[in-house]
Amino acid sequence: MSLSKQLLILLSFVFFIVFSASFILSVGNIKNYLEVQSEFHVQDTATSLGLSLSPYMVDDQDPMLRTMMNAIFDMGYYKEMRLEDIDGKELIKLSNTEQIEGVPSWLINLMPMDVATAVSEISSGWNMSGTLYVTANPGYGYLKLYEQAKATLTFSLLIFLAAIILLIIILRLTLKPLKNIEQQANEISAGNFITTQDLPWTLEVKNVAISMNSMSKKIGDMIGRLNGKLESLSENLKQDPLTKLLNQATFEVNLKQASSSGDKGYAAIIKFDDLAFLTKDKGNQAVDDLLIEFAAILNKPQQVLAYRLYGSEFGLLMPSFGNKKMLETIEQLQAGIEQLGGNYQLDDLVHIGIIHFDRTSEYNKLYPAMIEAYEQAKNIGHNAYFVNDNLSSSMSDLEWKKVIKEAIENNTPEITFTAQAFNYQHDPAQKVMEEAFTVIRDSGGNLLPIGIFFSMAQEFNMVEALDKCIVNKVIKLMEETNTETAITINLSMVSVSSHEFTNWLKARLSSTHINPTLLAFSVTAYSAMKDITSFANFASFVKSIGATTLLKRYSSDIIDVEILKDLHIDYLRLARDLTMAISNNSDKAQFLDLIQEVGNLLEIKVLAESVVDDEDFEVVKATKLYGISR
C-alpha cells in the first residue's frame, strides 16, 4: 500500500474518531437540553393551570375544570393531565397515546428521553382542594432531537468531506516529490544517473532529494571513471605494446566475426623469415625500429586491419575486399616492404600467405590455410605472396538449404546442456548456469559445423524458424529433466528483431510450467552492437515476461560500458581472451575487477567461460564473479 493511501486512511480514521465523538456529544447535549426544557415547560403549565383551576375547585363537578384542562391539553405538548381531589380521587384524566410521525423507532430505542411530570397543588382559599399532574409529551422532544441530529450530521459530513478533499490535495502536493524521488531511484538503478532540479518545499523530503542527487552524481562520476579506466585497459589488452597494432586475440575475434557474419573477404598472415637472426645481427633496438616501421606500412592501406600476432608474425584482415582490390593492396604493401628491406640491407624480409573466406568457411580451417599459403609464398621469391583459394565448402548452397529445411521440418536438432558455470563463493560451489548446445547432423549422421549451419540458415531466411525449433526443444528438455539451473539459449539478431518471434515466445512461455527466470536468452556482443536498439527492446520484453537476457563474448571494445546501462540485461559473459593467461597479465586482472564493479553497480551478473588454467582460475575466482565455467 502506498504511503499516500496509508496517510489518507490514518488521518481519515482520526477525523472519523473526532467527528464521531463530537457528534455523540452534540446529540447528547441536545437531548439533555430538551429534557430540561421539557421539565421547565410542564412545571410552568402545571403552576399556571393550577392557579386557573383554583376558583372552580369549590365544586369538583364544575364543567369548567374539564373545559380549561382540555384547552391546554389540546395543544398537544402533553402526554397526560390528571386532576385529583384532596383524598386522591381522580376527578379528570386526559391522555394522548398518538405517536409523533417522522421519528424513527430506532432513535427512540437508542436514546430514550426522561419524561418530565410536574405536580401543582390547588387550593381554595386557605384549604387544599386538589392536586394537578402534568406529564410532557416526549414525541416533540424526539422530533426536535431527530431534526437537530440530522442537521448536525449533515453539517459534520460536509465538513468531513471537505477536510478529506483538502487532505488528499495536501497529500498529493506533499508526496509528489517522493514519486519524483522514486522515479529517480529507478532511473539510477537502470543506470541513468539523473538529478532532481526542482527541490521539494518540505524540509525532510528536500533533504532526501538532495541526498539522492548527491548519490546519483557520485555513482555517475564513478561509472564515468570506471569507463575511462576500462577503455584504457581495453586498448592495452587488444594492442601490441611495441607496434600499437591490434593483437592476436583481437585478430581471431575479428576474423571469426567477419566469416560468421556473411562478409566475403581476405585474410593474410605475414611472417619475418628469421627475426632471431636479425636480432643477433643488428641488435634489439634496430629490430624494434624495423617492426615499428613495418607496422606503419601495414597501416597505410585504407579499410585494412593490421595485427601483430606475436614476435615475427603479423596478420591482415581485408573484409568485403574483392580479388582485384586485394591484389592492389598486397602489391602496394610489397612495394613498401621492399623499400623498408633496402633501408636495412635486407632483400628477403617477409612472405605473405593469403586466404579467401566467406559465410561457408570453417573458422578452424582458416589459420592452417594461411600457414599453407605462407609456406607456398616462401617458394616463390623475395617478399612474395600466395593466395590459397582451396577453402570452398564441401556442400553447395542448395544442399545447405535442403539440410536446414529438413532439420526444421523434422525437428532433428539435438540439444545438450554444456558449459556448466559455478558460483565459487558458495561451499560447495553452486551451479548457476548451463548452455544449451545444438548439434546438427546430415542425412548420413555426420556432424555439421554449427556456425556455418546457422550462418547459412540466416542466408536463406530460415534462422527465425530454426530458433523457434531450438527454443521449443530446450524448453521440452528442461521439462523432462526438471531442470532447476538457468539455461542459456542462443538466438540470432533476426529473431531478436522480429515482432512475430517475440509474440511466439511469449505464448510459448505461457504454456510451460518452467520458471521463466531459468531461461537466459543470449546474443553475442558483436551481433547485438549491429542493432543495439532492437537488442535493448528485446531485453526489456524478455524482462517483462519474467525471463532473462545474457550478452556473451563481451569486451568493452565491442560495446562501451556506458551503453550497458541502457540494455536491461541480466547476465554478462566475458570473451575468453579476457581471462586467458590472466595470471600473468595485470591489465587483464584490473580489467576484470573493474567490470565486476560495474556489474555490481548496474545489477548485472558477470560470468567467465572456459577458464582452463588453474592459476588463471584462482585469479578469476578471487574477483568473485557470479559464475565461472571450466
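Annotation: lysines with alpha-carbon distance below 18 angstrom to Lys150 (same-chain offsets under eight excluded): Lys31. When you count the other C-beta atoms within 10 angstrom of each residue and take the mean per peptide, 247-254, 159-166 line up highest first as 247-254, 159-166.
The stretch between Arg66 and Leu275 holds 60.5 nm of extra length on full extension. This uses 0.36 nm per residue minus the Cα-Cα distance. Between Asn32 and Lys324, the simple label model (points 7 Å from Cα in the Cβ direction) yields a spacing of 11.3 nm.
In this simple spin-label model, placing a label point 7 Å from the Cα along the Cα-to-Cβ direction at both Arg225 and Glu121 gives a separation of 10.5 nm.
Which aspartates and glutamates, if any, have their Cα less than 19 Å from the Cα of Lys565, not counting same-chain residues under 8 positions apart? Excluding near neighbours in sequence, the set is Glu182, Glu187, Asp221, Glu231, Asp531, Asp557, Asp593, Glu597, Glu603.
Pairs with C-alpha atoms separated by more than 27 Å, drawn from the list Lys365/Lys401; Lys473/Lys543; Lys5/Lys605, are Lys5/Lys605.
Helix 63-73: angle to the longest alpha-carbon principal axis of the chain, degrees 0 to 90, nearest 10? Rounded to the nearest ten degrees, it is 10. Stretching Asn472 away from Ile210 to a fully extended chain increases their span by 89.3 nm, per 0.36 nm per residue minus the current alpha-carbon distance. For the Cα atoms of the chain, what angle does the longest principal axis make with the long axis of helix 397-409, in degrees from 0 to 90, nearest 10? Helix 397-409 sits at roughly 30 degrees to that axis. Remark: spin-label model distance Tyr310-Met529 equals 2.4 nm, labels positioned 7 Å along the Cα→Cβ axis. As a rough guide to protection, the peptides 268-279, 294-305 ranked by mean Cβ packing within 10 Å, highest first, stand as 268-279, 294-305. For Kirkwood radius over Cα pairs in Å, which listed value, (1) 33.5; (2) 26.0; (3) 27.1, comes from the coordinates shown? Comparing each candidate, only (1) matches the computed number. In summary, the lysines within cross-link reach of Lys89, defined as a Cα separation below 25 angstrom excluding same-chain residues under 8 places away, comprise Lys79. Based on DSSP H segments of at least four residues, each scored -39500 (n - 2.57), the chain has a per-residue ellipticity at 222 nm of -18000 deg cm²/dmol. Determine, from the Cβ-Cβ distance of Lys89 and Ala21 and an R0 of 51 Å, the FRET efficiency 1/(1 + (r/R0)^6), rounded to the nearest 0.05. Efficiency, rounded to the nearest 0.05: 0.50.
Distance from the Cα centroid of the stretch 130-150 to that of the stretch 313-347 is 121 Å (rounded to whole angstrom). I'd like the distance separating the alpha-carbon centroids of the stretch 27-85 and the stretch 449-502, in whole Å. Taking the Cα centre of each part, the stretch 27-85 and the stretch 449-502 sit 102 Å apart. Can you tell me the 0 to 90 degree angle between the C-alpha axis of helix 248-260 and the longest principal axis of the chain, rounded to 10? That works out to roughly 80 degrees.
Read the figures in this text as sums done on the coordinates, not as results from a lab. Note that this is a predicted model, so its numbers are computed, not measured. Don't worry about glycine lacking a Cβ; one is built from the backbone with ideal geometry, like all the others, and counts go over all protein chains shown.
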